[in-house]
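> Take a look at this one; I'll ask things after.
Every number here is computed from the coordinates shown, using simple stated rules; none is lab data. Bear in mind that the values here come from a model prediction, so they are computed numbers and not experimental data. When we count neighbours, we look across all protein chains shown, and the Cβ atoms used for this are built from the backbone with ideal geometry, even at glycine.
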2 protein chains.
Amino acid sequence: MTTSIETSATAFRSYVKKMTSYNQALAVLHWDKATQAPRKGMEARSEIIGTLAGEQFKLATSKEMEQFLVELSEPATLEALDEITRHTVLECKKEFDRNKRIPAERYQEFVVLTSNAETVWEEAREKNDFSLFQPYLQKIVNFQLEFIEYWGNDGKNKYNTLLDLYEPGMTVDQLDPIFATLREKTVKLVAAIAESPNKPDTSFLTKNFPISEQDAFSRFILERIGYDFNAGRMDRSVHPFCTTFNPGDVRITTRFSENDFNSALFSCIHEAGHAMYEQNINPELLFTTLCDGTSMGIHESQSRYWENMVGRSLPFWKHFFADLQKAFPAQFEGVSVEDFYRAINEVTPSYIRTEADELTYNLHIMIRYEIEKGLINQTIEVADLPKIWNEKMKEYLGVVPPTDTLGVLQDVHWSGGSFGYFPTYSLGNVYAAQFTHVMEQEINGYNELVANGDFAPIRAWLKDKIHQYGKMKSPRELVSAITGEGTNATYLMNYLEKKYSEIYKL
Amino acid sequence: MTTSIETSATAFRSYVKKMTSYNQALAVLHWDKATQAPRKGMEARSEIIGTLAGEQFKLATSKEMEQFLVELSEPATLEALDEITRHTVLECKKEFDRNKRIPAERYQEFVVLTSNAETVWEEAREKNDFSLFQPYLQKIVNFQLEFIEYWGNDGKNKYNTLLDLYEPGMTVDQLDPIFATLREKTVKLVAAIAESPNKPDTSFLTKNFPISEQDAFSRFILERIGYDFNAGRMDRSVHPFCTTFNPGDVRITTRFSENDFNSALFSCIHEAGHAMYEQNINPELLFTTLCDGTSMGIHESQSRYWENMVGRSLPFWKHFFADLQKAFPAQFEGVSVEDFYRAINEVTPSYIRTEADELTYNLHIMIRYEIEKGLINQTIEVADLPKIWNEKMKEYLGVVPPTDTLGVLQDVHWSGGSFGYFPTYSLGNVYAAQFTHVMEQEINGYNELVANGDFAPIRAWLKDKIHQYGKMKSPRELVSAITGEGTNATYLMNYLEKKYSEIYKL
Ligand SMILES: [Zn+2]
Ligand SMILES: [Zn+2]
């Protein structure tokens, strides 16, 4: 590296450190607001979040940043940079170009629109009145089309531009066959389950589970799977989430319900799956834009792996069932581990995505994927959404929500302008099954390890293959390096078919 | 106001809003670090605090700020500004001038010095070795002398320049007679108490008080005195403190000790006294530099008022004693309210300031005041401090600490470069007694209100006379408007003599 490049690279890294310091501070301000800030301080809190986010945006889009990027992204210069700086330059450049191509006043209008749209969406959902939300959603879709024009497109499908925001490199060409596989096999499996006479008894899951005891048991399980409480905390919030300040401080939140054992524990494991990803990122990536999960789909693969492949598996509960019965002796009296295992894996077609079981969940996502693709390619009209939604629910899940509140109005994503995000939930499941398949081959005695509650070798594998890289490797690079193939839904379906055939004795 | 002034004033207010947003964010980051951040995230947290504090300092000392101040502090312009903006200009100008007069590289050296000095002080305290700390303290004192040169002085006493940092307008000329009164009367009173055969029994205060029950009882008391939990929270930290994000979010922390009832509750009331000040600042001052207590002394008057004049008074406990006995029936079995009142007001000369009782506390402060004054006026040498400290302890308190750890090394303040701060603790007591004297005259049935646990009229008076103004009125203006005189220690001594003559039956 020449001295001049070295000087620029050092100045750039220090600039990026400042920029990412704002992100960390903003994450703390948001977390505090969601978990514990007193009511009367909310308004001023929102204002300072707005102010600091504005400062962060200025840093990301400044002339100074532009000069760094022009200078450092010269091919010969890029070549000369160390690997972390090179990837940081590329990551910042992608973000910079994206931001720069949208005229500032149009972006500002979009921010105001989505902020209002979220309020209107809440009202529409409460009143079961899609017509309130419809004009806002129409404007949001129009903005997506406008942004796609600014950002450019691969010429194959406009929706690809949006997919790339959340899952770099993902396209309709890859997703269509994935969802075709999921649809065909899942619909059949759900139908067979519906006809099975061997339904699990779930009555004991809705007994009374005191919150302090659920909290203690959840912490016990999280410690055992390897969430590091010296590099994180667990608190309460209305909606569970995971947030990262730095790899040494990755916090999760949860919400306990006294009469529902099936929700909080698995939500805790889910968020801890996200958190363990970020706790294990290479600390050298701190204060770069690479200190983050590489995509929403890969992130979700980690949460789903721990929640479903591990947390809802029979070997896992064979190991922990004695602890569970000790924590809740009255509630699980006379319940066998098999009864428990079958109960926590009950399949029931339902209206609400966030409450769906592991199997039908992907059908909920598929409906949203098809609708988004249709809206962006202008083959579906916003006005027709309630009708289309219910038709697809009928076709895939066999149930029709009685209200739009329980149907097309249930999710917050569209009101915030997040199009292209939903598919990453199913991609997480698909990736998780692919990774599990490889782990079974590469990790000595994988099944015994889970059955013994010995997760250290699994965590080491995940760190080695995925976590440590942060954004240094793209999702495609990770999947290809680990599995030797592309995204493939067959592994997920094989896993689901085997698991549910046993549970429902098909 | 002309349009041009109006435009500048608006731009200035929006600039100050940005600057104070950084302060709020920094306060959140500090609070989170002190109360709950996981161990492994501390280092990165300190770094982002450093980065954002640097950005805040840049805003406070920028060319842009200078231009605003030059333009808006023209006498005619100042006159034309609304009251809040005018005071904000004056406050920012004072701060700006102070910062500007110190050469940047000297200030940077001072920051590094105090950061290292704090670490060395901790080691010196641990090892009971003043000689480790001595060279650092010498350099810090030299810096104070250098800063006083930059900042200028009233020509009467160099120490006045430092006093003004914490208590604007306070001088040695005012403080000397105050401490003379305190010394003369307190030393006599302490001697009389020592000879009194009527010592309180305090044995029940060190029984076992489960922490969760202390926590619940403290929250009950704080709610009753009027700390607004919808505009604050109470958490745990190693050292109790109060921190303000905005008037709708003023948080306090505490530390419970299972075998000491006498510490946590009164510390909670103390911090809540600070907090109620800030919760009641006029919300229009939000996002200006005036949204803060007007001085350390006035701030301390609020905490000491609630802690001592209210919280350690007999009428207060006559009202709450039934609640106390209900909360801790075994611990206070057979204890009368008078026994309890006498116990929580026990006077014992001791080594450690933070553990001192209400009466001897001022003697601890006086020692520090005399030493600081001597160091700054170069009549005392740093090297002689251990000796001088112990001589003064002997003279005023009649006890000599067996080690420097329990003596001259006990406080963090000097290692951080805070000279001129200590006197504000005693000023808080002095002001509190002056204000109480006026309240007794101005608030109808003041004594009955305390005895009935009805604090609303007292809070309304404090808000009306003190809290609402934030920094809009100087401490001198407040004291003069409320009491019709200057700072006067007679009221405090009258209060203490009356209280302790009764308790010790002198
Ligand atoms: Zn997730
Ligand atoms: Zn205080």
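> Report, in listed order, any pair from A:Lys94/A:Lys158; A:Lys63/A:Lys471; A:Lys465/B:Lys40; A:Lys100/A:Lys127; B:Lys100/B:Lys158; A:Lys63/B:Lys33 with a Cα-Cα distance greater than 30 Å.
A:Lys100/A:Lys127; A:Lys63/B:Lys33
> May I ask for the Kirkwood hydrodynamic radius of the protein assembly as shown, worked out over all distinct Cα pairs and given in angstroms to one decimal?
The answer is 32.6 Å.
> Hey, if you put +1 on the Cβ of every Lys and Arg and -1 on every Asp and Glu Cβ in the protein assembly as shown, which of A:Leu145, A:Thr424, B:Phe241 ends up farthest toward the positive end of that dipole?
Comparing the listed Cα positions along the dipole, B:Phe241 ranks first.
> Report the net charge of residues surrounding B:Glu307, where surrounding means a beta-carbon distance below 11 angstrom and charges are Lys +1, Arg +1, Asp -1, Glu -1.
-1
> Now, a different point. Round to a whole angstrom and tell me the spacing of the C-alpha centers of the range B:483-504 and the range A:446-506.
The range B:483-504 and the range A:446-506 have Cα centres separated by 74 Å.
> Label position 7 Å from Cα toward Cβ: report the copy-to-copy distances for A:Ala451 in nm, one decimal, ordered from shortest.
In ascending order, 7.8 nm.
> Quick one: what does P(r) look like for chain A with 10 Å bins over all Cα pairs, in whole %?
4, 17, 28, 29, 16, 5, 1, 0
> For the Cα atoms of chain B, what angle does the longest principal axis make with the long axis of helix B:3-35, in degrees from 0 to 90, nearest 10?
40 degrees
> About the Cα centre of the range B:3-101, how large is the charge dipole given +1 on each Lys and Arg Cβ and -1 on each Asp and Glu Cβ? Please answer in debye to the nearest 20.
Rounded to the nearest 20 debye, it is 560 debye.
> Choose one of A:Gly273, A:Asn308, A:Phe332: the residue whose Cα lies farthest towards the positive end of the charge dipole of the range A:254-342 (beta-carbon charges +1 Lys, Arg; -1 Asp, Glu; about the Cα centre).
My answer, from the dipole projection, is A:Phe332.
> Would you mind calculating the gained length between B:Ala53 and B:Lys394 on full extension (0.36 nm times residue separation, minus the Cα-Cα distance), in nm to one decimal?
Extra length from B:Ala53 to B:Lys394 when fully extended: 118.5 nm.
> Moving on to the next point. Can you check how the C-alpha radius of gyration of the range A:304-383 compares to 2.2 N^0.38 Å, as a plain ratio?
Normalised Rg, Cα atoms only: 1.59.
> Mind pulling the angle between the C-alpha long axis of helix A:104-127 and the longest principal axis of chain A? Nearest 10 degrees, somewhere in 0 to 90.
20 degrees
> I'd like the FRET efficiency for B:Ser46 and A:Arg255, computed as 1/(1 + (r/R0)^6) with the beta carbon distance as r and R0 of 22 Å, rounded to 0.05.
Once rounded, the FRET efficiency stands at 0.10.
> When only C-alpha pairs under 8 Å and at least 6 residues apart count, what is the relative contact order of chain B, in percent?
Over chain B, the number comes to 21 percent.
> Taking every residue in B:238-246, how many Cβ atoms of other protein chains lie within 10 Å of its Cβ, on average?
For peptide B:238-246, the averaged partner shielding equals 2.
> In debye, nearest 20: dipole of the range B:244-339 around its Cα centre with unit charges on the Cβ of K, R (+) and D, E (-)?
80 debye
> Further question: Under a crude label model (7 Å from the Cα following the beta-carbon direction), how far is A:Trp151 from A:Phe220 in nanometres?
4.6 nm
> Please list, or write none, the aspartates and glutamates whose alpha carbon is within less than 16 Å of the alpha carbon of A:Lys139, excluding same-chain residues fewer than 8 places away.
Result set, ordered by chain and number: A:Glu105, A:Glu109, A:Glu118, A:Glu149, A:Glu372, A:Glu381, A:Asp384.
> Using a label position 7 Å from Cα in the Cα→Cβ direction, what is the ascending list of nm distances from A:Glu184 to the same site in the other copies?
List, nearest first: 10.2 nm.
> Now, a different point. So if I place +1 on the C-beta of Lys and Arg and -1 on the C-beta of Asp and Glu, and nothing else carries charge, what would the dipole magnitude of chain A be about its Cα centre? I want it in debye, nearest 20.
260 debye
> Karplus couplings for the range A:175-182 from phi (6.51 cos²θ - 1.76 cosθ + 1.60, θ = phi - 60°), rounded to Hz, Gly and Pro as x?
Using θ = phi - 60°, the values come out as 6, 4, x, 4, 5, 4, 4, 4 Hz.
> Got a sec? Charge dipole of the range A:3-101, +1 on Cβ for Lys and Arg, -1 for Asp and Glu; which of A:Met19, A:Ile49, A:Leu59 is way out at the positive end?
Highest projection toward the positive end goes to A:Ile49.
> Between A:Ser212 and B:Ser501, what's the calculated FRET efficiency when r is the beta-carbon distance and R0 is 35 Å? Round to 0.05.
After rounding to 0.05, the efficiency reads 0.10.
> Using only Cα atoms, tell me the angle between helix A:314-327 and the longest principal axis of chain A; keep it within 0 to 90° and round to the nearest 10.
80 degrees
> Go ahead and run the numbers for FRET between B:Glu485 and B:Ser14, Cβ-Cβ distance against an R0 of 30 Å, rounding to 0.05.
Here the calculated transfer efficiency is 0.15.
> Another question, then. How many percent of the alpha carbon pairs in the range A:3-101 exceed a separation of 24 Å?
Considering the range A:3-101, 35 percent of its Cα-Cα pairs are separated by more than 24 Å.
> Using the 7 Å Cα-to-Cβ label point, sort the distances from B:Gly486 to its equivalents in the other copies shortest first and give them in nm to one decimal.
8.6
> What's the extension gain from A:Glu477 to A:Asn128 if we count 0.36 nm per residue and subtract their Cα-Cα distance?
Contour length minus the Cα-Cα distance gives 121.3 nm.
> Taking θ as phi - 60°, what are the ³J(HN,Hα) couplings along the range B:55-72 by the Karplus curve (6.51, -1.76, 1.60), each to the nearest whole Hz, with x for Gly and Pro?
Running phi through 6.51 cos²θ - 1.76 cosθ + 1.60 with θ = phi - 60° gives 5, 5, 5, 4, 5, 6, 10, 6, 4, 4, 4, 4, 4, 4, 5, 4, 5, 7 Hz.
> Here's a follow-up. Determine the distance separating the Cα centre of the range A:1-24 from the Cα centre of the range A:316-351; give it in Å without decimals.
52 Å
> Sticking with this structure for a sec: Sequence-distant or interchain residues sharing an amide H contact under 5 Å with A:Asp235, placed H: which?
Excluding prolines and chain starts, which carry no amide H, the hits are A:Ile252, A:Thr253, A:Thr254.
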